[in-house]
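Enquirer: Provided herewith is a single structure, encoded as structure tokens, for subsequent inquiry.
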Amino acid sequence: MKKLSNALLFIGLALLIFVGYQIYEYKLSEKQAMQEVRQTINTHKSNESIDVITNNYQVNKGEAFAFLRIPSIGLELPVVEGTDNETLKKGVGHHHSTWFPGEGNQVFLAGHNDSAFKNVGNVKNGDVLEVEMPYGTFSYEMKKSDIVLATNTSVIGNMDEETLVLSTCYPFHALTDTPERYLLYAELKNIKIK
């Protein structure tokens with residue numbers, strides 16, 4: 001019996017160390033991405049119109065290029081190009097097949113439900129979401145949320161107007177992959193060009 005309790009204690013400690021290391025690694029990657037975005041935003045200067053800027057704007061996979069802020073839940077995270085697991089360790093991922101703020105179409109951002117978007121379910125209709133790009137700050141207002149199957153890819157794509165869509169696994173705080181996704185839709189309300 002003593003051997004069993006010692007084995008269980010060892011397994012518990014090993015799991016605790018593993019989870020602690022995962023959290024540390026996530027926070028370190030996020031911090032590095034935040035510094036990368038600050039440097040990009042602080043060094044960007046342009047007198048061009050928003051159309052010219054967005055037509056020429058490009059980022060590489062894994063590159064941090066913007067901030068997502070949701071004041072109502074105290075969230076400020078870097079936005080990184082791509083939505084694979086390695087990229088999402090740095091913060092919020094921008095889906096490569098969607099548009100950037102200012103292009104007048106869907107801006108699709110994904111984040112893990114146990115880290116980046118763990119409190120996104122607390123965002124209410126009317127709350128403000130901001131995306132700060134090197135060329136300007138885009139303010140959106142939450143309009144609705146939805147829950148869809150993870151296999152439903154029709155939610156990613158062309159829209160009639162600029163809409164910020166946040167996506168995370170549902171139910172919230174699940175530690176494994178889930179069959180559903182929580183989607184938050186926010187309409188563009190204001191643009192402040194740099």
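The values are calculated or read from the model by the stated rules, or taken from the named source; none is laboratory data. In this text, all values refer to a predicted model and were calculated from it rather than measured experimentally. Cβ: placed from backbone, ideal geometry, glycine included. Neighbour counts: every protein chain shown.
Enquirer: Just a yes or no: is a residue in the range 89-102 closer than 23 Å to residue 155 by Cα, part of a strand (DSSP E or B), among the hydrophobic types (A, V, I, L, M, F, W, C) and modelled with pLDDT of 80 or more?
Expert: Taking every residue of the range 89-102 in turn, at least one turns out to be closer than 23 Å to residue 155 by Cα, part of a strand (DSSP E or B), among the hydrophobic types (A, V, I, L, M, F, W, C) and modelled with pLDDT of 80 or more.
Listed here are the residues, each with its yes/no results for (1) modelled with pLDDT of 95 or more; (2) out of contact with any His (no Cβ under 9 Å at 6 or more places or on another chain); (3) crowded, with 19+ Cβ neighbours inside 10 Å.
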| site | (1), (2), (3) |
| --- | --- |
| 125 | yes, yes, no |
| 152 | yes, yes, no |
| 157 | no, yes, no |
| 167 | yes, no, yes |
| 190 | yes, yes, no |
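Enquirer: Another question, if that's okay. Which condition breaks for residue 143 when tested against (1) under 17 Å from the mean Cα position of the chain (by Cα); (2) more than 25 Å from residue 84 (Cβ to Cβ); (3) surrounded by fewer than 18 Cβ atoms within 10 Å (Cβ to Cβ)?
Expert: Of everything listed in (1) under 17 Å from the mean Cα position of the chain (by Cα); (2) more than 25 Å from residue 84 (Cβ to Cβ); (3) surrounded by fewer than 18 Cβ atoms within 10 Å (Cβ to Cβ), residue 143 misses just condition (1).
Enquirer: Related question: Being part of a loop (DSSP other than H, G, I, E, B), more than 11 Å from the chain's Cα centre (by Cα) and modelled with pLDDT of 95 or more is the requirement here; does residue 83 meet it?
Expert: Judged against the criteria, residue 83 is not a match.
Enquirer: State yes or no: is residue 111 crowded, with 20+ Cβ neighbours inside 10 Å, of a type in the set (Gly, Ala, Ser) and in contact with a Phe, Trp or Tyr (Cβ under 6 Å, 6 or more places away or on another chain)?
Expert: Spelling it out, residue 111 is indeed crowded, with 20+ Cβ neighbours inside 10 Å, of a type in the set (Gly, Ala, Ser) and in contact with a Phe, Trp or Tyr (Cβ under 6 Å, 6 or more places away or on another chain).
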